[in-house]
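Step one of this worksheet: look at the structure below.
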């Protein structure tokens, strides 16, 4: 469904305020004021802050989740898919540093909604698990359980962005450029690390 210009402006204002002040610290009136509209018009588009947060959350995920879902459904093996997943997630987090905050807020306020939205966007974990199990069955030796591999992969990609302020200060002495360079380097390093889990 196409969004009106007013709706896009509301979502942009909400995104900015949620990122800066958090969902709890941003009132509907704050969002209306930032968008340059009255509260009645805001309520016409979004009756609750929860609905507005979901719209912002969906916008944040829509930039990369459908592409990853399409690649996952292709004939690509898990080993081929993994570096693309890592690169896409890291690039997305660098371009949209608010996403980890939105994810954490959503998980704390409405934990059931996030899996539903991700599935609606086409991500089917069963496909990834099946591809990984197939690859592991072809190689001798002990393997880390497929679910653990994927959990480790996602954690290694996302945690450094969720903890960005702390990591930047502690490990990079507040040097944001050094932090960003290190995150870009993870696109090269992480496939090698995850390969050991497979």
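Here, each number is a calculation from the coordinates, and none is a lab measurement. Computed from a predicted structure; not experimentally measured. Note that we place each Cβ from the backbone using ideal geometry, even for glycine, and neighbour counts take in every protein chain shown.
Between the alpha-carbon centers of region 140-163 and region 41-88, tell me the distance in whole angstrom.
Between the Cα centres of region 140-163 and region 41-88 lies a distance of 20 Å.
Could you tell me the relative contact order of the chain? Use alpha-carbon pairs under 8 Å, at least six residues apart, and round to a whole percent.
On the way: 142 pairs, mean separation 44.1, N = 198.
Relative contact order of the chain: 22 percent.
Mind checking the angle between helix 49-62 and the chain's longest principal axis? C-alpha axes, 0 to 90 degrees, to the nearest 10.
40 degrees
Based on DSSP H runs of at least 4 residues, each adding -39500 (n - 2.57), what is the mean residue ellipticity at 222 nm of the chain after dividing by all its residues, to the nearest 500 deg cm²/dmol?
Values: 12 runs with 153 residues, N = 198.
Mean residue ellipticity at 222 nm (helix-derived): -24500 deg cm²/dmol.
Between the helical axis of 78-95 and the dominant principal axis of the chain, each derived from Cα atoms, what acute angle in degrees is found, rounded to the nearest 10?
With both axes taken from Cα atoms, the answer is about 30 degrees.
May I ask you to give the average projected area over all directions of the convex hull of the Cα atoms of the chain, in nm² rounded to one decimal?
Numbers: hull surface 50.8 nm².
If you wrap the Cα atoms of the chain in a convex hull and average its projections, you get 12.7 nm².
Please work out the FRET efficiency for the pair residue 7 and residue 185, using the Cβ-Cβ distance as r and a Förster radius of 45 Å; give the result to the nearest 0.05.
Details: r = 39 Å, r/R0 = 0.86.
E(calc), rounded to 0.05, equals 0.70.
On a 0 to 90 degree scale, rounded to 10, what angle separates helix 176-197 from the longest Cα axis of the chain?
40 degrees
State, to one decimal in nm², a quarter of the convex hull surface area for the C-alpha atoms of region 1-49, i.e. the direction-averaged projected area. If you can, show how the numbers build up before the last one.
On the way: hull surface 12.7 nm².
Orientation-averaged projected area of the Cα hull: 3.2 nm².
When a/c reaches 1.5 or more, the comparison of a/b and b/c decides; with that in mind, is region 95-138 rounded, prolate or oblate per its Cα gyration tensor?
prolate
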